[in-house]
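To keep things clear, I will list the structure first and then write my remarks on it.
The values are calculated or read from the model by the stated rules, or taken from the named source; none is laboratory data. All figures in this text were calculated on a predicted structure; none of them were measured in a lab. Every residue, glycine as well, gets a Cβ built from its backbone with ideal geometry; the counts of neighbours run over all protein chains shown. The accessibility values were calculated without ligands, DNA or RNA, using every heavy atom of the protein model including side chains. Shrake-Rupley method; radii C 1.70, N 1.55, O 1.52, S 1.80 Å.
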Amino acid sequence: MSVPAPDASVAAVDPHDTAAFDEWFAVWHATDAEKWPGGPGWQYAERLAMALDEDGPDENQPLVARRGGVVVGVANLKMFRRENRHLARLEVRVLPEHRRRGIGTALLEAAERVAAATGRRELAGLDETPVRPDYVDIAAPFARHLGFTVAQRMVRRRVDLPLDDEHATALRRNPKASPAGYSLLTFVDHWPDKYLDDRCELGRRMSTDVPVGEQEVDEEVWDTERVRALEASLAAQNRAKVITVARHDASDRLIGFTEVAIPLGAPESAWQHDTLVVREHRGHGLGFALKVANLLAVQERYSAVRRINTWNAEENAPMIAVNEEIGCRVEAHSAYWQRPIATSLSSA
């Protein structure tokens, strides 16, 4: 696929072509460093494994924009293989010296054509605006200019590790850290077979029980194959995962969980994945208990971790309160943008 732009062309990247993928990742890495100076950013192994994954729930298609044979912008188009087949998600990045020349628009239009050809009806993407005073937001004006509207606003926070002894002790001794009638269990990387049915139900509830703003998303269907495929994908990305679950003692069922992923190639910056307490068990401090137990487990098992990054929808006041009590501070504000794919494309 090759799409002309005013003075550039856009093409899909074959992740099996090492030289082509290296060019794509070089721009991805450079724009990571621009937005988050001093941070490790996405790791090569992570992005390559995502692009190569042919069996997982997500298909990731890297795209490059070239001018004069040089890669000046990149994008990643994510399309879902199971649920949400109406939706494609896109991230566009252009090197600073090549911005405002139509490169981002050319990448978006090329991605939109690919998405439309697979029957997608909606294009969406998430941007982040760091709170540091020198950062200038370029994503929001770009999105508005192209007709995107905000479906949900989010906030990114981080907690620094290791916790000082006084703070860690206070968290452990907080009555909410040991809710009556529930037990907390922690494991690494793989869900034990005995909890797979509960993991599948928690995955389904994660798609129905959390705030999604104005997004149109499907209820997800989870099975053992899906759980193990995600674990295999995590291993391929050279990531570890620390998981803490809450078991309801009376029923012996898992009713909540939280996960943190650690890039083993750059463990200083870890990433909060899903956290959920099912609706009927909320109000007992379980969100706090889960997050504290998992945070301390990460600190104990992966001493190189220096921060955990987490996101919350602005309307998710209970989880925001938990994160702030733990010690998280705001790093960035985010917006989830969406727009319909042009009818002429989706019907082509």
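Key figures for this structure:
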item	result
Cα centroid of the stretch 1-67 to Cα centroid of the stretch 282-348, whole Å	25 Å
Amide hydrogen neighbours beyond the local backbone of residue 151, cut-off 5 Å, H modeled	336, 337, 338
Spin-label pair residue 140/residue 342, simplified geometry with 7 Å Cα→Cβ offset, distance in nm	2.7 nm
Simple Cβ-charge dipole of the stretch 1-113, Lys/Arg +1 and Asp/Glu -1, about Cα centre, in debye nearest 20	480 debye
Cut-off under 5 Å, modelled amide H: who pairs with residue 331 long-range	156, 157, 158
Spin-label pair residue 59/residue 183, simplified geometry with 7 Å Cα→Cβ offset, distance in nm	4.4 nm
The stretch 129-171 - accessible surface per residue (Å², probe 1.4 Å)	55 Å²
Amide H within-cut-off set for residue 58, under 5 Å, with H built and near neighbours excluded	81
Zone of residue 315's modelled label, taken as backbone nitrogen in the stretch 140-156 under 18 Å from a point 7 Å along Cα→Cβ	149-156
Proximal aspartates and glutamates to residue 241, defined as alpha-carbon separation beneath 17 angstrom and excluding residues fewer than eight positions away on the same chain	46, 189, 193, 231, 259, 268, 274, 300
Virtual paramagnetic centre 7 Å along Cα→Cβ of residue 196, amide N under 11 Å, in the stretch 256-300	none
Relative contact order, percent, the chain [alpha-carbon distance under 8 Å, six or more residues apart]	22 percent
Note, ³J(HN,Hα) from phi for the stretch 106-112, Karplus 6.51, -1.76, 1.60, rounded to Hz, x at Gly and Pro	4, 4, 4, 5, 5, 5, 4
The chain - percent of accessible surface contributed by carbon and sulfur, probe 1.4 Å	51 percent
In order through the stretch 293-310: 3J(HN,Hα) via Karplus (6.51 cos²θ - 1.76 cosθ + 1.60), integer Hz, x for Gly, Pro	4, 6, 4, 5, 5, 4, 4, 6, 8, 10, 5, 7, 5, 10, 7, 10, 9, 9
Label-point separation in nm, residue 204 to residue 299, each point 7 Å along Cα→Cβ	3.7 nm
Dipole in debye (nearest 20) - the chain, about Cα centre, beta carbon charges: Lys, Arg +1; Asp, Glu -1	540 debye
Karplus-derived HN-Hα couplings along the stretch 254-267 (A = 6.51, B = -1.76, C = 1.60, θ = phi - 60°), whole Hz, x at Gly and Pro	7, 10, x, 7, 8, 9, 10, 9, 10, x, 5, x, 8, x
Per residue accessible area in Å² of the stretch 1-115, where ligands, DNA and RNA are left out and the probe is 1.4 Å	44 Å²
Cα centroid separation - the stretch 229-266 against the stretch 70-95, whole Å	26 Å
The chain: angle of helix 196-206 to the longest principal axis, Cα-based, in degrees nearest 10	60 degrees
